[in-house]
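Please treat every number below as a calculation from the coordinates, not as lab data. Note that this is a predicted model, so its numbers are computed, not measured. Don't worry about glycine lacking a Cβ; one is built from the backbone with ideal geometry, like all the others, and counts go over all protein chains shown.
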Amino acid sequence: MTTFWGIFTYVAIPPGFVVLLMFLSDVPILMQVASKVMRAPSPVTLGNLRLNVAVLMTAFCSILLVITYASVQRAQAKTQKIGALERETSNLFYVERNNWISLLAVTLWLSAWRLEVLYRQHPQRPAFSLNLRPSKAVWIGVGIAALLLADLPLCRLNYQFQIYSYVTPGKDKLQASPLAAECSGVYANEGGKCSEFCQEVRLLSEERMASVMFARRWHVLGRWSAEVFDMARDVQQDSSHVDQLFKKKACVDVLKSVDKSNDMVNAFCLVLAGVAVLVAFAAFSQGFGDTVETNLHRD
């Protein structure tokens, strides 16, 4: 995740800041260049909404903002517990940093998007007036439904983000320790010098379970769908599941899979969440078409 945030910071924030400054400069040629960059040609159109740099960056950064905000709430709750470990405080710092990075990116691209619309808005339109005809109300309903649909993949993405933040660092640390090799094939109930190692692995397994429950508490529709999926697989997400895991596998084997995840499913959920947010944007642009300038306007 460190690599991801390092890349995201430089890909999302400096370009958004530069484009925003170009619009604020009030220099015609700079504003024209910024407008062309923001409206890079795209063959995909959703109603009044043409997918371009501004739309895609705003949607992607918004998804990250929701996920990182959830992570901040969890990290704050952990640090408030008596006897909180040093790593919990460290995690709070990083997740808060990521949340502020996401918020800054959303602000930059959303502001640039709006300024680009105003740049092409000639002549000025009348003052805002809300006119919700039945057809517009339907589009607004579609937008709300799309946002609710986005809750399903966001639940999965939030869970995966929690795993990367709270489980993977501990796994990497344990795998790098000498005990990882010495305790190969040792089960948790065997005791001995590997008992402490197995206990650390169990804590990571319980942390994974806590990540599951945290993500489900944050996403109502995601929780319902996940519970239905668990019922279909006859799986219970509780401490008994962890107990069964340590009875079947050696501690080292449990450690190897403690942050295991289906990358294909994660990628699909990321795409689905992005599409749902874009559909919501398109529906709202139709619903508020009289008051919101869309990016299909031609000079």
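Structure notes:
- Note on residue 206 and residue 36: the model spin-label points, each 7 Å out from Cα along the C-beta direction, lie 6.1 nm apart.
- Exposure proxy order (Cβ contacts within 10 Å, fewest to most) of 26, 151: 26, 151
- By definition, a body whose alpha carbon gyration tensor gives a ≥ b ≥ c is prolate when a/c is 1.5 or more and a/b is larger than b/c, and segment 150-299 fits this prolate description.
- When 67, 163, 140 are arranged by Cβ crowding within 10 Å, least crowded first, meaning fewest neighbours, the order is 140, 163, 67.
- Computed 3J(HN,Hα) for segment 65-72, one whole-Hz value per residue from the Karplus formula 6.51 cos²θ - 1.76 cosθ + 1.60 where θ = phi - 60°, is 4, 5, 5, 5, 5, 4, 5, 4, glycine and proline marked x.
- Order of 221, 272 - criterion: other Cβ atoms within 10 Å of each residue's Cβ, fewest first: 221, 272
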